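Following: one structure in structure tokens, then a few remarks.
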Amino acid sequence: MCSNQDESKRNCLTNILDTILCLQEKKETCLEDGGCDKPYLGPTPSLVCYNTRPINLYNCMNGTLWTFPYTLDGTSGTSSVFRVENMDGNCCTCRVLAPNPVTTMDEPYVATSSFFTINLDCVSAIKCLADTFVSGV
């Protein structure tokens, strides 16, 4: 494991994921930073049709994307796209998002019932994807 990560890196990842969760829960106390954790979902603050900031997580051991299995409507697959569902200290619970079988730019992902919890000591980087709407979350 990558337990040798310094405290500031862990705090950075935790802060970003906390902000994403805050935005998805539509709390008014979210941080006002730029970049991956901008203080609103969507392209502009006045557009409120988004409910998810999808993310990718990178493995601290070898830099590869974390992928997790899912089953959706009887079809199994793996995905590297996730939605933050909960934060508890240095642990993040995510929902696996699957590609939308009905190809649409408005809703590129669908929610699955697959969840996992990851210790952020195992994550070296987070990549935020474009904000979107995900049904069923």
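The values are calculated or read from the model by the stated rules, or taken from the named source; none is laboratory data. All values reported here derive from a predicted model rather than from experimental measurement. Methodologically, a virtual Cβ is constructed for each residue, glycine included, from the backbone with ideal geometry; neighbour enumeration extends over all protein chains shown.
Pairing residues of the range 19-40 that are closer than 15 Å to residue 128 by Cα and of a type in the set (Val, Ile, Thr) with residues that are part of a helix (DSSP H, G or I) and modelled with pLDDT under 80, at Cβ distances under 9 Å and at least 6 apart in sequence or on separate chains, gives 19/36; 19/37; 20/36; 20/37. Restrict the check to the range 49-60 and report whether at least one residue is on the phi > 0 side of the Ramachandran plot and either in contact (Cβ under 8 Å) with a residue 60 or more places away in the chain or over 18 Å from the mean Cα position of the chain (by Cα) (or both). There is no residue in the range 49-60 that is on the phi > 0 side of the Ramachandran plot and either in contact (Cβ under 8 Å) with a residue 60 or more places away in the chain or over 18 Å from the mean Cα position of the chain (by Cα) (or both).
Picking from residues in the range 60-86 that are surrounded by 13 or more Cβ atoms within 10 Å (Cβ to Cβ) and modelled with pLDDT under 95, the one that is nearest to residue 119 (Cα to Cα) is 60. Count of the range 101-111 residues, restricted to those that are more than 14 Å from the chain's Cα centre (by Cα) and crowded, with 17+ Cβ neighbours inside 10 Å, is 1.
For first residues located in the range 104-123 and without any contact (Cβ under 8 Å) to a residue 40 or more places away in the chain, partners that are part of a strand (DSSP E or B) and of a type in the set (Gly, Ala, Ser) and lie 6+ apart or on another chain with Cβ distances below 6 Å form the pairs 110/98.
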